[in-house]
Structure formats: structure tokens, C-alpha cells
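*Asks:* Sharing a structure, written as C-alpha cells. Questions coming.
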Amino acid sequence: MVEPNDNIGNDTMADDGNPAYGFAENNNTMRKRSTDSIPIGLKIGSTRTVLVMPNYEGSLDIVRTLTCVAKYRDLFTGKLATKFGDEAAEEYADSVYFMFRAGLPQDDDSVKLAAQFIEYLVYKYNIPENSYVTLAHPAVENDRGRKNLKEIISGMSIGRAGRQAWSEAFCGAIPAFDGLDAIKKTFMSVNMGSTTLEMSVFRNGEPVHTVTLGTISGNIVDRKIRLGVQNETQGIVNIDLNTARKYKEEFANFIDYKPVYDSVHIHDKGQYGFKIEKSIMKPVEEYVNNVVEAIMENFFPQLAQDHYQTYKRVLSEPIILTGGMACIPGLKERIQQLLSDELEQKVTVISSDRPDLAPAIGAYRISEYTLQYRE
Ligand SMILES: Nc1ncnc2c1ncn2[C@@H]1O[C@H](COP(=O)(O)OP(=O)(O)OP(=O)(O)O)[C@@H](O)[C@H]1O
Ligand SMILES: [Mg+2]
């Protein structure tokens, strides 16, 4: 029986340094390596799933795919068939279903889909059964979600050597510290995802206070960018949400934003060139202001009321940013500045090099440590 774990103990942690990693889009580089158990880190986000495992060269393979499924009718068999991941999103953009969009699955069908999705990853990327799997998951809001998470984890065909689950906000903070130091510390982590903003304080690995908001998210920024481009081009250019997300990921930048030039073919007008001056950074700036407001108004007051000493401590330690939105250049400096101004004291805000991959890398480190510790 697998317990989604709240704590893996307070023993001395191995300092595993900062391994180099490569990206793998297929299973060519991923084969069973030896008879030893393989440590695996798996982050299943509402939008993106990230898988981390070691390769032959002694570095890490990292796979990113969309957390989605599409059902279609197979013309030969006449039966309903299923496609997952990027492939599903590309071929069935109109009907693709993101099974974790609203957090952890709440109904039996979504639990089944989530389990099938994991088995698809196991098959496609050849994840060995003889592995130790740590799953980084979205915030668990209620008992139903907790029960479903347990069911998904215990049903996996991988993780024969062991399995555990930790929140994404916690796993994402691990690479920002040395080794597994996060497990011995009290700190605040802000996970900036596509569907939610998750703010948590952890003490020795246990969540002390957590607030999750669906009103501040990467997806909302994308929607505003789409509307902005329409307005900035006097209604001539209509981009879809996927393009808006790509503009944000490629061009949003607090340090050095340059206007974006693009062109589309428009019926009657031919090729139409346009310039985007404000429509990317305005929503991103609003997002950052909303994040700071949420920390100041929705998070700190309750934390200070319930755990005053912890609140004081959190302000003297670095605050960690994780999740894809934290990749925007200059965003953490901006949040640090705004928070310091609001609090009238200097706070430090840090993140790892790749905050979007950090939860999966952190999960991988937990697996790796657990295996080493057992030996
Ligand atoms: N380089 C980047 N620059 C800007 N935004 C990025 C970048 N990479 C990812 N994002 C954005 O981050 C968000 C995805 O973050 P992440 O992968 O942490 O979310 P998730 O875990 O799938 O979702 P959630 O945490 O809501 O469950 C999306 O809005 C995406 O566009
Ligand atoms: Mg996430």
C-alpha cells in the first residue's frame, strides 16, 4: 500500500550537486540501465507533465508533454480509441481534454484517464518497473482528491522499489536549495502554474499553511494577451490561445522587452505585418501585481495570525518561486522589489534555473536520495 507521503524523515540528506540534464523527446535514449532500481521524478501538472530519469551518460533525461487525452473513433475497428500528450493536442485541438485542469481528478472517469495517461508515459518512455517513483502533484484540496491520488499511485505499474507523492510547490523548491536541504527548512514556496497560483509554507517538509487561487494563472494571462493583440491591431489580427501562450513564453521579459513584429495572411488584404507593443507585458505586469497582492492579502495575514513565529521566519529566509510563469526573465527580481516595498523590509526571492522543470527535478532528487539512503 502506498501512502502519499508527508515526510520522509529528518536524516542527513545526500548532497547530490546539480546534475546536468538533456532533453529527450522519444524513448531512444531511455532503456533499462541495470538491475538496480532507477530513481524517477514525475510531475503531473494541469497543463504539462515532466518526467525525469537518469540516462547512460550519467546525466538526466527530461521529457515534457501536455497532460491531455483525446478520444476518437478508429476507422478500422469502429471502436473508441485514445491518444495522449502533445500528439493528442496537435491532432485533436478542438476536442482534447486536460484531465487535471481542475486540480486532482474528482470523479472515477478522470481517475481512470489519469491512470491510463501514466501508463502511456511508462510505455512511450520505457520507464522501468524496477524504479522508485516520486510524484509531484497539484494541490490536494479535499479528501476525495487525496483518495483519488492514492488510488492513482497505488495502481501504477512502475515504482516497484517504492512510490511517494509530494506537492508540486514543495518539489519545485528543492532545486533552489542545496541537495535536499528543503526538507530541513522552514520556507515559503510560490508555484506559478497555468491554472493556479499556489502559495505554501513548509516546515521540515510538512505544509503549514497553503492557499491556492485559480484567479491568478498563466492561462488568464494568455487570454488577456489574445484580447490585447486584437485591440492593438484594431481588430484585424485574431490569434488563438496557443499563439498567445507562445508569445508570452518567447517574448515576455521584465529586463529587456522589445516590441514583437509578426505577420499574418488576411483575406482581401494579403500579408499583413503588425507590431505588438503593449499586449504582452501589460497582462504579465498585471499578473505579477496580482501575485504580490495575493501574497500580501490572501496569504500573509492568515499565516501571521495562525503561526506568528513561522511568519517571521519565512520573511528572513529566501522565498522560492517555481512553475512555468516564474521562467519570465526579471520576474523574480520584480516580485522581490514589490514585496520588499510592501513589507517595508528587504526580502529575498529566488528560483532555480528552470522553474518549469524544478518540481520534476525535485521529485527525482527525492527518489534518488531515498534509494541511496536505503543502500
Ligand atoms: N519560458 C516561459 N516563459 C513564460 N511563461 C512560461 C514559460 N514556460 C512556461 N510558461 C507558462 O507557465 C505555465 C505552465 O506552468 P507549469 O508547467 O508550472 O504549469 P502546470 O503545472 O501544468 O499547471 P498547474 O500548476 O496550474 O497545475 C503556462 O502558463 C506556460 O505558458
Ligand atoms: Mg503546476
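The values are calculated or read from the model by the stated rules, or taken from the named source; none is laboratory data. Predicted model only: the values in this text are computed from it and were never measured. Here the Cβ is made from the backbone with ideal geometry for all residues, glycine too, and neighbour counts use every protein chain on show. Ligands, DNA and RNA are excluded from the accessible area calculation, which covers all protein heavy atoms including side chains. Shrake-Rupley method; radii C 1.70, N 1.55, O 1.52, S 1.80 Å.
*Asks:* Which residue, F251, G218, F274, has the largest displacement toward the positive end of the dipole of region 218-282 when charges sit on each Cβ (Lys, Arg +1; Asp, Glu -1)?
*Replies:* Final value for the positive-end residue is G218.
*Asks:* Relative contact order, percent, of the chain when contacts are C-alpha pairs under 8 Å separated by at least 6 residues?
*Replies:* Working: 720 pairs, mean separation 72.4, N = 375.
Reported as a whole number, the value is 19 percent.
*Asks:* While we're here: So, counting K/R as plus one and D/E as minus one, what does the shell of residues with Cβ under 11 Å around H209 add up to?
*Replies:* Counting the neighbours of H209, the net charge comes to -1.
*Asks:* How many percent of the alpha carbon pairs in region 77-195 exceed a separation of 19 Å? Don't jump to the answer; show the numbers that get you there.
*Replies:* Numbers: 4040 of 7021 pairs.
Summing the P(r) of region 77-195 above 19 Å gives 58 percent of all pairs.
*Asks:* Taking the Cα centre as origin and putting +1 on Lys and Arg beta-carbons and -1 on Asp and Glu beta-carbons, what dipole magnitude results for region 218-282, to the nearest 20 debye?
*Replies:* Magnitude of the dipole: close to 180 debye.
*Asks:* Sticking with this one: What 222 nm value per residue comes from the helices of the chain, counting each DSSP H run with n ≥ 4 as -39,500 (n - 2.57) and dividing by all residues, nearest 500 deg cm²/dmol?
*Replies:* Values: 11 runs with 129 residues, N = 375.
Calculated mean residue ellipticity at 222 nm is -10500 deg cm²/dmol.
*Asks:* Dipole magnitude of the chain about its Cα centre, charges +1 at Lys/Arg Cβ and -1 at Asp/Glu Cβ only, in debye to the nearest 20? Please list the in-between numbers first.
*Replies:* Details: 41 positive and 51 negative charges, 99 e Å.
Magnitude of the dipole: close to 480 debye.
*Asks:* Hey, another quick one. Under a Cβ-Cβ cut-off of 10 Å, what is the net charge of the residues other than H307 that fall near it, where Lys and Arg count +1 and Asp and Glu count -1? Each step should come with its number before you reach the end.
*Replies:* Numbers: positive: R203, K312, R313; negative: D306.
The answer is +2.
*Asks:* To continue, here is another question. Test of understanding: in a Gaussian network model of the chain with alpha carbons linked when under 10 Å, which of V284, V264, V96 would top the mean-square fluctuation ranking?
*Replies:* Per the Cα network of the chain with a 10 Å cutoff, V264 tops the list.
*Asks:* Over region 218-282, what percent of the accessible surface lies on carbon and sulfur atoms, probe 1.4 Å?
*Replies:* Working: 1970 of 4030 Å².
So the carbon and sulfur contribution to the accessible surface is 49 percent.
*Asks:* Right, another one. I'd like the trypsin sites (Lys or Arg not before Pro) in region 125-174 restricted to DSSP loop residues with at most 16 other Cβ atoms within 10 Å, sorted by number. Please report the intermediate quantities before stating the final value.
*Replies:* On the way: sites: R144, R146, K147, K150, R160, R163; in loops: R160.
Answer by residue number: R160.
*Asks:* Which is farthest toward the positive dipole end of the chain among I366, A294, S200, measuring Cα position about the Cα centre, with Cβ charges +1 (Lys, Arg) and -1 (Asp, Glu)?
*Replies:* With unit charges placed on the Cβ atoms, the residue in question is I366.
*Asks:* Kindly provide log₁₀ I(q)/I(0) values, in the same order as q = 0.19, 0.26 Å⁻¹, from the Debye equation applied to equal alpha-carbon scatterers of region 218-282.
*Replies:* Log10 of I(q)/I(0), two decimals: -0.67, -1.18.
*Asks:* Quick one: what are the phi-derived ³J(HN,Hα) couplings along region 136-153, Karplus 6.51/-1.76/1.60 with θ = phi - 60°, whole Hz, x for glycine and proline?
*Replies:* 9, 10, x, 3, 9, 8, 8, 4, 4, x, 4, 5, 5, 4, 4, 5, 4, 5
*Asks:* Can you give the accessible area per residue of region 138-281, in Å², using a 1.4 Å probe?
*Replies:* Details: 6540 Å² over 144 residues.
Per-residue value: 45 Å².
*Asks:* Would you work out what percent of the accessible area of region 285-375, with all protein chains in place, is carbon or sulfur (probe 1.4 Å)? Working shown, then result.
*Replies:* Working: 1710 of 4160 Å².
Roughly 41 percent, rounded to a whole number.
*Asks:* Now, a different point. Return one quarter of the surface area of the convex hull spanned by the alpha-carbon atoms of the chain, equal to its mean projected area, in nm².
*Replies:* Directional mean of the projected Cα hull area for the chain stands at 21.3 nm².
*Asks:* Taking R0 as 35 Å, what FRET efficiency do you get between I350 and L227 from their Cβ-Cβ distance, rounded to the nearest 0.05?
*Replies:* On the way: r = 33 Å, r/R0 = 0.94.
E between I350 and L227, to the nearest 0.05, is 0.60.
*Asks:* Still on this model: By the scheme Lys and Arg +1, Asp and Glu -1, what is the net charge of all other residues having a beta-carbon under 11 Å from that of M192? Please list the in-between numbers first.
*Replies:* Working: positive: K332; negative: E168, E198, D356.
Result for the neighbourhood of M192: -2.
*Asks:* What FRET efficiency do you get for A304 and Y257 if R0 is 30 Å and r is their Cβ-Cβ distance, rounded to the nearest 0.05? The partial results should precede the final answer.
*Replies:* On the way: r = 35 Å, r/R0 = 1.18.
Computed FRET efficiency for A304 and Y257 comes out at 0.25.
*Asks:* For a quick check, take a GNM of the chain with Cα springs below 10 Å and name the residue from Y125, Y287, Y261 with the largest mean-square fluctuation.
*Replies:* Y261
*Asks:* Report relative contact order for region 218-282 in percent, whole number only (criteria: Cα-Cα under 8 Å, sequence separation at least 6). Please list the in-between numbers first.
*Replies:* Details: 70 pairs, mean separation 21.5, N = 65.
The value is 33 percent.
*Asks:* Then there is this: What accessible area per residue, rounded to a whole number of Å², is obtained for region 304-358 using a probe radius of 1.4 Å? Don't skip to the answer; put the middle values down first.
*Replies:* Details: 2700 Å² over 55 residues.
Solvent-accessible surface per residue comes out at 49 Å².
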